[in-house]
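*Asks:* My questions all concern the structure below.
Laboratory data are not the source of any read-out in this text; all were calculated from the coordinates shown. In this text the structure is predicted, and so the values were computed from the model without any measurement. Every residue, glycine among them, receives a Cβ derived from its backbone with ideal geometry; neighbour counts consider all protein chains shown.
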Amino acid sequence: MGGLFGVASKNDCVFDLFFGTDYHSHLGTKRGGMAVYGKEGFERAIHNIENSPFRTKFERDVDEMTGNLGIGCISDNEPQPLIVRSHLGNFAITTVGRINNVPELVEEAFTKGTTHFLEMSGGEINQTELVAALINRRDSITEGIRYAQSRIDGSLSMLVLTSEGIFAARDRYGRTPVVLGKKEGAFCASFESFAYLNLGYEDYRELGPGEIDFLTPEAVEVLLPPGEEMKICTFLWIYYGYPSSSYEGVNVEKMRYACGDMLARRDNVEADCVAGVPDSGTAHAIGYANRSGIHFSRPFIKYTPTWPRSFMPQKQSQRNLIARMKLIPVDALIRDRRLILIDDSIVRGTQLRETTEFLYHSGAKEVHVRPACPPILFGCKFLNFSRSTSEMDLITRRVIAKLEGAAAEGKLCAYADPDSPEYAAMVEEIGRELKFTSLKYHRLDDMIRATGISPCKLCTYCWNGKE
């Protein structure tokens, strides 16, 4: 995934930019960056944050950088922001999203005059530099952003920093959020709506899908009004979003309570306590406990002072090891108990299987697993929320292939239907493979109701394959 933050201020903006960007650290694991514009022109700093928090890497930069305009990012992939010199003038750019047709766009760029790309990311062309090249194909930055978004297969939100202000652009279908904050003498643009509150900003408004605004310290100008169609990622509420954030007016924590509530309404399992896999499963578990009347407890505590996030290392085996090392058991809350365990989702299944084995080893009598979202059947085409390189990394697809053989691909719709016998067989087999006492997924229709947003405005591709 990734997060972005930008500030246009009458005063020096580096302090706000630093903390506003840092508040997006839960969205990315690889690189962080800041670019500012002031009396000295453009300045930029980029650091690797794989093994150290953003804040510790940029403390010196905060003391040295100055400017009243700035953008920052947390990235899972390419180094950014980039500083670009072109016929449109000098600008810095940072992006969030995914481009599926990179080879096609690169070949077209070479054909139409781009001779090379300088920035590299893991041996690949930097996605953000490719976007800059597309923007430079037009006669203004506004038109360039519109053109770039029209050519991209996937999604892309961005901030473009110039000497006059900041362009803030939300992707065409609003799959990721961009929200504006305001305080005296400054405006900011942010992925997360909570990131500016402790900096003295108040909510100003959210950009609509495809909207392009221009921020200065004095005002926000709408350059391109929002489109009608929206497909915001529902997984933002289930997992990615920070609990204090809201998207389209719906708070993450409140939505997770509602998810857990609806899970409990359809469940009748007998148990001694309800627990969430920390951190994102906790709020779902609280909602389940409040509805069911079964006590909420924390049978394991996540040790975070020294361990990095579990999905940070490149190797899956290392991520699994770190995830297991972080969970410290509370014997008195596990031994001889029947547990309902709620996680945000099951992707590969490896970590949750090991967590369940860990609970059994600690003396649990039963472990009933209740994921807060439906079975994930399709790899995301729009956001990099999973490191999976193949849909066969998904436990659902492996189980369906086991049950159907060569006919698996043609029967995915049946397996997405929670009322079908195919779905029941898949869930039973997943539960057996992962050694759960029982397994019951959240239904897609219930999950959508928990958001309170019209289904036509939500992206649910990873669960039903519908774009």
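*Asks:* Counting other beta carbons within 10 Å of each Cβ, put Ser190, Ser25 in order, fewest first.
*Replies:* In order of increasing Cβ crowding within 10 Å: Ser25, Ser190.
*Asks:* Using the count of nearby Cβ atoms within 10 Å as a rough guide to exposure, how do Asp445, Asp22 rank from fewest to most? Before the final figure, lay out the partial values.
*Replies:* Working: Asp445 12, Asp22 20.
Starting with the residue having the fewest Cβ neighbours, the order is Asp445, Asp22.
*Asks:* Label point 7 Å out from Asn48 along Cα-to-Cβ: which residues of the stretch 56-100 have amide N under 18 Å?
*Replies:* Only 56-59, 74-81 fall inside the zone, counting backbone N under 18 Å.
*Asks:* Also, I was wondering about something else. Taking the number of other C-beta atoms within 10 Å as the exposure measure, put Leu383, Leu4, Leu223 in order starting with the fewest.
*Replies:* Leu223, Leu383, Leu4
*Asks:* Could you give the Stokes-Einstein D for the stretch 2-229 in µm² per second, using the C-alpha Kirkwood radius, 4 °C, 1.567 mPa s? Mind dumping the intermediate values first?
*Replies:* Working: Rh = 17.1 Å.
Approximately 76 µm²/s, per Stokes-Einstein.
*Asks:* Would you list which lysines come within 23 Å of Lys254, measuring only between C-alpha atoms, while excluding same-chain residues fewer than 8 positions from it?
*Replies:* Lys231, Lys302, Lys440, Lys457
*Asks:* Give, as a single signed number, the net charge of other residues whose beta carbon lies under 9 Å from the beta carbon of Met230, with Lys and Arg counted +1 and Asp and Glu -1.
*Replies:* Neighbour charge sum, excluding Met230 itself: 0.
*Asks:* Between rounded, prolate and oblate, where does the chain land on the alpha carbon gyration tensor, with a ≥ b ≥ c its root eigenvalues, rounded for a/c under 1.5, else prolate if a/b exceeds b/c?
*Replies:* Numbers: a/c = 1.95, a/b = 1.64, b/c = 1.19.
In terms of gyration-tensor shape, prolate.
*Asks:* The stretch 18-84: which GluC sites (Glu not before Pro) are DSSP loop and have at most 13 other beta-carbon atoms within 10 angstrom?
*Replies:* Those satisfying the criteria are Glu40, Glu50.
*Asks:* Under 18 Å from the Cα of Lys402, which aspartates and glutamates turn up, not counting those fewer than eight places away in the same chain?
*Replies:* Glu391, Asp393, Glu422, Glu428, Glu429, Glu433
*Asks:* Of all alpha-carbon pairs in the stretch 175-233, indicate the percentage at a distance above 13 angstrom.
*Replies:* So the portion of pairs separated by more than 13 Å is 59 percent.
*Asks:* From Cα pairs below 8 angstrom and at least 6 apart in sequence, can you work out the relative contact order of the chain, rounded to a whole percent?
*Replies:* Reported relative contact order: 12 percent.
*Asks:* In addition: Which shape class applies to the stretch 394-467: rounded if a/c is under 1.5, otherwise prolate when a/b exceeds b/c and oblate if not, where a ≥ b ≥ c are the square roots of the Cα gyration tensor eigenvalues?
*Replies:* On the way: a/c = 2.49, a/b = 1.47, b/c = 1.70.
Taking the square roots of the gyration eigenvalues as a ≥ b ≥ c, the stretch 394-467 is oblate.
*Asks:* Next question. Could you list which residues have their amide H under 5 Å from that of Ile212, counting only those 5 or more apart in sequence or on another chain, with H placed in the peptide plane?
*Replies:* Distant-sequence amide H within range of Ile212: Leu223, Leu224.
*Asks:* Hey, for a label at Arg85 modelled as a point 7 Å past Cα toward Cβ, could you say which residues of the stretch 144-184 have their backbone N under 17 Å away?
*Replies:* The answer is 162-163, whose backbone nitrogens lie closer than 17 Å to the label point.
*Asks:* Please sort by residue number the GluC sites (Glu not before Pro) in the stretch 201-285 whose DSSP state is loop and whose Cβ has at most 10 other Cβ atoms within 10 Å.
*Replies:* Numbers: sites: Glu202, Glu206, Glu211, Glu218, Glu221, Glu228, Glu229, Glu248, Glu253, Glu270; in loops: Glu211, Glu218, Glu228, Glu229, Glu248, Glu270.
Loop-located and lightly packed - Glu228, Glu270.
*Asks:* Report ³J(HN,Hα) in whole Hz for each residue of the stretch 90-95, in order, from the Karplus equation J = 6.51 cos²θ - 1.76 cosθ + 1.60 where θ = phi - 60°; Gly and Pro get x.
*Replies:* Along the stretch 90-95, the couplings run 8, 7, 10, 9, 9, 9 Hz.
*Asks:* Please state the charge dipole magnitude for the stretch 2-229, taken about the Cα centre, from unit charges on C-beta atoms (+1 on K and R, -1 on D and E), reported in debye and rounded to the nearest 20.
*Replies:* That gives the stretch 2-229 a dipole magnitude of about 200 debye.
*Asks:* Trypsin sites (Lys or Arg not before Pro), restricted to the stretch 348-438: which are DSSP loop and have at most 16 other Cβ atoms within 10 Å?
*Replies:* Here the sparse-neighbourhood loop sites are Lys365, Lys381, Arg387, Lys435.
*Asks:* For the pair Glu229/Asn100, report the inter-label distance in nm, with labels modelled 7 Å from Cα in the Cβ direction.
*Replies:* Those two pseudo-labels are separated by 1.3 nm.
*Asks:* Keeping to pairs on different chains or 8 or more places apart, tell me how many lysine pairs in the stretch 2-229 have Cα atoms under 17 Å apart.
*Replies:* Lysine pairs meeting the criterion: 4.
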